[in-house]
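Student: Got a structure here, written out as structure tokens. Questions coming.
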Amino acid sequence: MWILILIVLAVVVYFVVSQASSSNQASKASSRTQASKASTQNYTNQVDYSNLEVISLDSSVSIHYNYTRLRDLLAEGKWKEADEETGKMMIRVSAVTANKKLASEEYDLVISESRFNPAAAEHVPCEDLCTIDRLWLKYSNGRFGFSVQRRIISELGEDELSILSDKTSGSRNYSSRFVQQPSCTLSHNFLKRIGWHTKFSDGSDGNTIDYNDLTFAIEAPYGHLPTANYGEGGLYNPSKSLNQAVSLYVLNRFSICGIAL
């Protein structure tokens, strides 16, 4: 009789301990899942950017330019049109800045208004760059913007942006600066993070995506927009891969301007 009672008690104890262990493991698994999800959440999810103040919509270099249209497009959630307007305005204001330097013999390279390139990126006025970034932050509530992209790059490693842009070389051969290690690896990782990289059918990493393959929606990865890719004739070439060099030079300019993340 006593043996039977002991056996029953042992079974009950085993069952209780097993249930407690399973519950604890499930709780830990749930915590890990939540932590994993949290790690991919908005980098600024503690801040409500919808109330971010944009001091002025006027360009700092010309009374003929302002960012009213960009604000309206972003407010309406027209992300593709807003990206195009961003590129259009950046090349306009950079051309004004560069041409002023050209007139005063501070600069010897003419900035064309038909294409936004690394040379143009180096002449975007800091005030204008800040305005553009704040508009993107405000109307995407911290999901899109140059500062979001810059923050992602800052997670790749120490002094990563200077490695990517190789500003110490003093060369104007911009395209060649992005084909050497370690900059190639860094830029590759950056593009993956912001969703600018394709995948082959076997799941391996592919190439930089074409412009028309971007996700122009608020559900896009953090830092997915803006692209700063403004093409010939004032139009984007939708079948052409994104120019990562241009974007990286914009972010380098962002860093030089000392705009807070």
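The values are calculated or read from the model by the stated rules, or taken from the named source; none is laboratory data. On a predicted model such as this, the values are computed, not experimentally measured, just so you know. Neighbour counts run over all protein chains shown; Cβ positions are idealised from the backbone, glycine included. Accessible surface areas use protein heavy atoms only, side chains included; no ligands, DNA or RNA. Shrake-Rupley method; radii C 1.70, N 1.55, O 1.52, S 1.80 Å.
Student: Every residue in segment 201-216 that is open to solvent by 30 Å² or more (accessible area, probe 1.4 Å), modelled with pLDDT of 85 or more and not charged (D, E, K, R), please. Before you say what the answer is, go through the steps one by one.
Tutor: Initial filter on segment 201-216 (open to solvent by 30 Å² or more (accessible area, probe 1.4 Å)): 201-205, 207, 210, 212-213, 215-216.
Retained after the next criterion (residues that are modelled with pLDDT of 85 or more): 210, 212-213, 215-216.
Selection gives ASN212, THR215, PHE216.
Student: Something else about it: How many of the residues in segment 223-242 are modelled with pLDDT under 80 and over 15 Å from ILE132 (Cβ atoms)?
Tutor: Summing the residues that are modelled with pLDDT under 80 and over 15 Å from ILE132 (Cβ atoms) in segment 223-242 gives 11.
Student: Can you confirm whether ARG151 is charged (D, E, K, R), closer than 22 Å to PRO221 by Cβ, modelled with pLDDT of 65 or more and open to solvent by 20 Å² or more (accessible area, probe 1.4 Å)?
Tutor: Values: charged (D, E, K, R): yes; closer than 22 Å to PRO221 by Cβ: yes; modelled with pLDDT of 65 or more: yes; open to solvent by 20 Å² or more (accessible area, probe 1.4 Å): yes.
Here the answer is yes, as ARG151 does meet what is asked.
Student: Just to be sure before I move on: is SER165 of a type in the set (Ser, Thr, Tyr), modelled with pLDDT under 60 and open to solvent by 30 Å² or more (accessible area, probe 1.4 Å) in the structure I sent?
Tutor: Details: of a type in the set (Ser, Thr, Tyr): yes; modelled with pLDDT under 60: yes; open to solvent by 30 Å² or more (accessible area, probe 1.4 Å): no.
Against the criterion (of a type in the set (Ser, Thr, Tyr), modelled with pLDDT under 60 and open to solvent by 30 Å² or more (accessible area, probe 1.4 Å)), SER165 does not qualify.
Student: For GLU158, indicate whether it is at pLDDT below 65 and open to solvent by 10 Å² or more (accessible area, probe 1.4 Å). Steps first, answer last, please.
Tutor: On the way: at pLDDT below 65: yes; open to solvent by 10 Å² or more (accessible area, probe 1.4 Å): yes.
The answer is yes for GLU158.
Student: Are any of the residues in segment 174-188 open to solvent by 40 Å² or more (accessible area, probe 1.4 Å), under 26 Å from GLU85 (Cα atoms) and at pLDDT 80 or above? Talk me through it step by step, then tell me what you get.
Tutor: To start, the set of residues in segment 174-188 that are open to solvent by 40 Å² or more (accessible area, probe 1.4 Å) comprises 175-176, 179-182, 184-185, 188.
From what is left, the residues that are under 26 Å from GLU85 (Cα atoms) are 175.
Then drop every residue that is not at pLDDT 80 or above, which leaves none.
Within segment 174-188 (the criterion being open to solvent by 40 Å² or more (accessible area, probe 1.4 Å), under 26 Å from GLU85 (Cα atoms) and at pLDDT 80 or above), the answer is no, since none of the residues qualifies.
Student: Select, from VAL246, VAL250, the only residue that is buried (at least 21 other Cβ atoms within 10 Å of the Cβ), at pLDDT 85 or above and among the aliphatic types (A, V, I, L, M).
Tutor: Just one listed residue meets the conditions, VAL250.
Student: Any residue in segment 208-227 that is among the aliphatic types (A, V, I, L, M) sitting within a Cβ distance under 6 Å of a residue that is part of a loop (DSSP other than H, G, I, E, B)? List the pairs, counting only those 6 or more apart or interchain.
Tutor: Final answer for the pair search is ILE209/TRP196; LEU225/PHE144.
Student: For segment 93-144: of the residues being basic (Lys, Arg) and at pLDDT 90 or above, which is farthest from TYR67 (Cα to Cα)?
Tutor: Of everything passing the filter in segment 93-144, ARG143 is farthest from TYR67 (Cα to Cα).
Student: Output the residue which, of all residues in segment 48-87 that are among the polar types (S, T, N, Q) and part of a helix (DSSP H, G or I), is nearest to HIS123 (Cα to Cα).
Tutor: THR86
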